[in-house]
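Read the structure below first, then the notes.
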Amino acid sequence: MRTTLLFVTGLIAIYLITTPTTAIPVDIDNPRIQQVGSWAVMEHDNEAHDGIQFNKVVSGNEKITGFILHYDLIIDALNNDGKDCKYEAEVREIDGSMKRTLVAFKPAN
């Protein structure tokens with residue numbers, strides 16, 4: 001009985017950790033969301049050296065999969081010509097830490 005209970009508990013934990021949740025819109029007025037967007041632009045510029053300058057996050061979604069936060073953000077920024085442009089950034093962050101990964105960064109359509 002005890003072994004069965006531990007097995008079922010383990011299966012439930014694995015299911016909850018690996019099952020993606022529904023994406024919800026981000027609160028663009030939240031300073032943390034703006035900081036994630038700013039970090040994404042800085043990280044992209046460190047890799048690409050194209051002079052993009054962060055302005056603000058204008059929309060996006062977040063979802064939690066296990067212990068990982070997934071951010072899909074639309075960012076307003078200035079390109080290297082000083083023109084206002086929109087960019088899509090995908091950022092992953094381990095919940096409870098500040099360890100982030102920039103998964104994708106590209107011009108928005």
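The values are calculated or read from the model by the stated rules, or taken from the named source; none is laboratory data. Nothing here was measured: the structure is a model prediction, and the numbers come from that model. Using ideal geometry, Cβ is built from the backbone for each residue, glycine included, and neighbour counts are taken over all protein chains shown. Accessible surface areas use protein heavy atoms only, side chains included; no ligands, DNA or RNA. Shrake-Rupley method; radii C 1.70, N 1.55, O 1.52, S 1.80 Å.
Some notes on this structure:
- Within the chain, the longest segment free of exposed loop sites, counting trypsin sites (Lys or Arg not before Pro) that fall outside DSSP classes H, G, I, E and B and have at most 15 other Cβ atoms within 10 Å, spans 1-82.
- Among the chymotrypsin sites (Phe, Trp or Tyr not before Pro) in segment 18-98, those located in a DSSP loop and surrounded by at most 15 other Cβ atoms within 10 Å of their own Cβ are Phe67.
- Taking each DSSP H run with n ≥ 4 as -39500 (n - 2.57) and averaging over every residue of the chain yields -11000 deg cm²/dmol at 222 nm.
- Expressed in Å, the radius of gyration and Dmax of the Cα atoms of the chain are 17.7, 68.
- Per-residue HN-Hα couplings for segment 42-49 [Karplus 6.51, -1.76, 1.60; θ = phi - 60°; Hz; x = Gly/Pro]: 5, 5, 4, 5, 4, 8, 9, 6
- The accessible surface of the chain, taken with every protein chain in place and a 1.4 Å probe, is 58 percent carbon and sulfur.
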